[in-house]
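Every number here is computed from the coordinates shown, using simple stated rules; none is lab data. The structure displayed is predicted, hence computed values, not measured ones. For neighbour counting, all protein chains shown are included, and Cβ atoms are generated from backbone atoms with ideal geometry for every residue, glycine included.
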Amino acid sequence: MKEREEKWEIDISGDSFTFKRVINGRVEESYAAVNTAKAAIYANAIIHGFQPPRDLRSFDKLTG
């Protein structure tokens, strides 16, 4: 029985980064392109064994 091979691919186009999760040579998941700041968070999550966050929003600034 063949051992499962899992890897992440990052396609870079200028300041746009697209992440793909590949298992045994087949793309299982792909994520919408993100900017450099979000790509850094995605990569950090992946390195620590997590999936990239699905909903990443800027911090709401308090008024007043």
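Restricting the range 11-40 to residues that are charged (D, E, K, R) and closer than 16 Å to residue 54 by Cβ, the residue that is surrounded by the fewest Cβ atoms within 10 Å (Cβ to Cβ) is 28.
If the condition is being exposed (fewer than 10 other Cβ atoms within 10 Å of the Cβ) and among the small types (Gly, Ala, Ser), then the range 41-64 contributes 49, 58, 64. Within the range 40-61, the set of residues being farther than 12 Å from residue 8 by Cβ and small (Gly, Ala, Ser) comprises 40, 58. Can you name the residue in the range 25-64 that is assigned to a loop (DSSP other than H, G, I, E, B) and under 26 Å from residue 3 (Cβ atoms) and is also farthest from the chain's Cα centre (by Cα) among such residues? The residue in question is 25. The set of residues in the range 7-21 that are over 15 Å from residue 47 (Cα atoms) and either of a type in the set (Asp, Glu) or part of a strand (DSSP E or B) (or both) comprises 11, 12, 13, 15, 16, 17, 18.
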